[in-house]
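Heads up, the thing below is written out as structure tokens.
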Amino acid sequence: MPKTALITGITGQDGSYLSELLLSKGYTVHGIVRRSSSFNTSRINHIYEDPHDAGRRLILHYADLTDSTGLRRVIEASLPDEIYNLGAQSHVRVSFENPEYTADADAMGAIRLLDCMRDHVQHTGRQVRFYQAGSSEMFGAARPPQNEKTSFYPRSPYAVSKVAAHWFGVNYREAYGLFIANGILFNHESPRRGETFVTRKITRAAGRIRAGLQRKLYLGNLDSRRDWGFAGDYVQAMWSMLQHSDPGDFVVATGEAHTVREFLEESFSYAGLDWKKYVEIDPAYFRPTEVDYLLGDAQRARTVLGWNPPTTFRQLVHMMVDSDLRLAESERLVQDQKFAPTLALV
Ligand code: NAP
Ligand code: G4F
């Protein structure tokens with residue numbers, strides 16, 4: 001039987017790749033979209049289906065993780081076999097500015113959704129599986145390499161909220177026998193990555209500097225190390241966790257870490273630029289408490305789920321730079337066209 005999935009955070013980087021994956025497997029996909037005064041669906045426009053089309057398999061609902069009434073309604077309307085909770089205020093630096101909202105969406109949002117699922121399972125007798133998007137940020141200051149046995153030491157309101165969501169998942173699994181899997185994903189990036197995360201900020205700048213649209217790139221700490229993988233590979237792991245016979249917690253990582261400086265060097269040199277000519281350090285981008293070194297040990301995901309990420313660090317960087325070179329070139333063309341009539345008047 002074709003399955004039905006419900007995704008919170010469908011408009012985000014991971015939500016868009018996961019939707020593509022599930023649609024390719026024959027799923028009907030329901031997604032939660034936040035009300036916004038401007039369009040926030042650019043990452044899923046290419047798979048969007050008109051609500052008037054019969055037989056469509058991508059269905060969007062207005063709801064918000066801070067409002068359990070809407071979450072409850074969407075679960076009852078969509079009757080999901082699998083729920084992927086990817087929605088979150090996902091920016092670590094922003095979580096220091098908006099700690100209460102971050103905790104509400106990321107920690108309380110998870111318990112709201114879990115509790116709606118618990119009631120739904122109880123009154124319908126249906127089987128529903130739940131994926132919680134946990135993060136390597138939960139390890140924070142813990143010594144690398146980190147795996148499922150490593151103790152959490154969160155270093156931001158975001159990370160503390162994700163630890164709470166993780167333990168809500170464990171508790172609901174043990175208390176009510178629900179199928180809940182916690183993914184502990186290390187950083188994963190792509191051409192669809194939000195532009196304020198460091199990787200995309202760097203590759204966007206490389207593209208725009210090459211196209212003559214930007215002169216400087218302001219960054220914070222270049223010494224922190226991250227285990228960066230490709231988001232397209234990581235959504236495969238999320239899906240695999242919900243296909244396994246038993247629910248569990250899994251670290252998902254490449255097992256290779258690089259500094260921000262190394263990401264910068266690889267991106268700019270691939271774009272034919274010397275980063276030292278363009279980069280300046282702005283303390284505004286430093287964090288009150290930093291996470292210095294994340295390096296994942298994903299042996300359990302490899303052996304239990306058979307998950308192995310095919311994309312290497314260099315391939316990831318090159319994929320992002322190639323995409324941002326093309327994007328900047330098209331921006332430049334639009335800008336040139338905008339100015340052309342003005343110049344013609346002079
Ligand atoms: P992302 O691009 O920032 O997407 C976040 C999604 O959550 C967006 O669709 C956003 O909607 C939605 N959202 C935010 N607040 C919400 C709310 N109150 N109610 C409902 N939806 C809300 O994040 P991502 O990189 O795809 O990450 C997906 C999940 O994995 C997140 O939970 C993140 O914390 C976690 N994670 C990410 C990484 C990583 O390296 N990418 C690693 C570990 C864990 P809008 O589009 O309207 O903003
Ligand atoms: O790209 P970042 O903002 O990602 P961060 O903080 O590692 O968080 C991301 O990965 C987590 C998984 O570990 C997710 F849970 C989370 O949702 C998010 O997707 O920063 C990476 C590093 C940090 O050490 C930061 O201090 O880059 C450093 N950095 C240096 N300059 C910068 C900048 N980060 C940002 N965003 N902007 C800068 O200008």
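The values are calculated or read from the model by the stated rules, or taken from the named source; none is laboratory data. As the structure is a prediction and not an experimental result, all values here were calculated from the model. No Cβ is skipped: glycine too gets one built from the backbone with ideal geometry, and neighbour counts run over all protein chains shown. All accessible areas refer to the heavy atoms of the entire protein, side chains included, with ligands and DNA or RNA removed. Shrake-Rupley method; radii C 1.70, N 1.55, O 1.52, S 1.80 Å.
Could you work out the local net charge near T11, counting Lys and Arg as +1, Asp and Glu as -1, over the other residues with Cβ closer than 9 Å to its Cβ?
Combined, the nearby Lys, Arg, Asp and Glu give +2.
Amide H to amide H under 5 Å from G31: which residues, 5+ apart in sequence or cross-chain, H placed 1.01 Å off N in plane?
I7, I59, L60, H61
Using only DSSP helix segments of four residues or longer, with each worth -39500 (n - 2.57), what per-residue ellipticity at 222 nm results for the chain after dividing by its residue count and rounding to 500?
Mean residue ellipticity, 222 nm, calculated: -13000 deg cm²/dmol.
Using a 1.4 angstrom probe, figure out how much accessible area segment 124-169 has per residue, in square angstrom, rounded to the nearest whole.
43 Å²
Ignoring ligands, DNA and RNA, please state the percent of accessible area on segment 231-346 from carbon and sulfur, probe 1.4 Å.
C and S atoms contribute 53 percent here.
When we measure straight from the Cα of K25, which lysines land under 21 angstrom away, once same-chain ones fewer than 8 places off are left out?
In chain and number order, the partners are K3.
Of all accessible surface on segment 1-76 at a 1.4 Å probe, what whole percent is carbon and sulfur?
C and S fraction of accessible area: 50 percent.
5 Å is the cut-off here: which amide hydrogens, built 1.01 Å from N in the peptide plane, fall below it relative to E148, excluding neighbours closer than 5 in sequence?
Here the answer is V251, since their amide H atoms fall under 5 Å of that of E148.
List the trypsin sites (Lys or Arg not before Pro) in segment 118-178 that DSSP assigns to loop (not H, G, I, E or B) and whose Cβ has at most 11 other Cβ atoms within 10 Å. Which are they? It would help to have the intermediate numbers written out before the result.
Numbers: sites: R118, R126, R129, K149, R155, K162, R173; in loops: R126, K149, R155.
Answer by residue number: K149.
Within segment 205-239, list the residues whose amide N lies under 17 Å from a label point set 7 Å along Cα→Cβ of K277.
Answer for segment 205-239: 205-218.
Quick one: which of K162/K277; K216/K338; K149/K201; K162/K216 span more than 30 angstrom between C-alpha atoms?
K162/K277; K149/K201; K162/K216
Check which residues have an amide H placed less than 5 Å from H188's amide H, if you skip close sequence neighbours.
Residues meeting the amide H criterion: G229.
Compute the helix-to-body angle for 260-270: its Cα long axis versus the longest principal axis of the chain, expressed 0 to 90° and rounded to tens.
60 degrees
Along segment 138-144, what does the Karplus equation 6.51 cos²θ - 1.76 cosθ + 1.60 (θ = phi - 60°) give for ³J(HN,Hα), rounded to whole Hz, x for Gly and Pro?
4, 6, x, 8, 5, 5, x
I'd like the chymotrypsin sites (Phe, Trp or Tyr not before Pro) in segment 1-74 restricted to DSSP loop residues with at most 10 other Cβ atoms within 10 Å, sorted by number.
Working: sites: Y17, Y27, F39, Y48, Y62; in loops: Y27, F39, Y48.
Sparse-neighbourhood loop chymotrypsin sites (Phe, Trp or Tyr not before Pro): F39.
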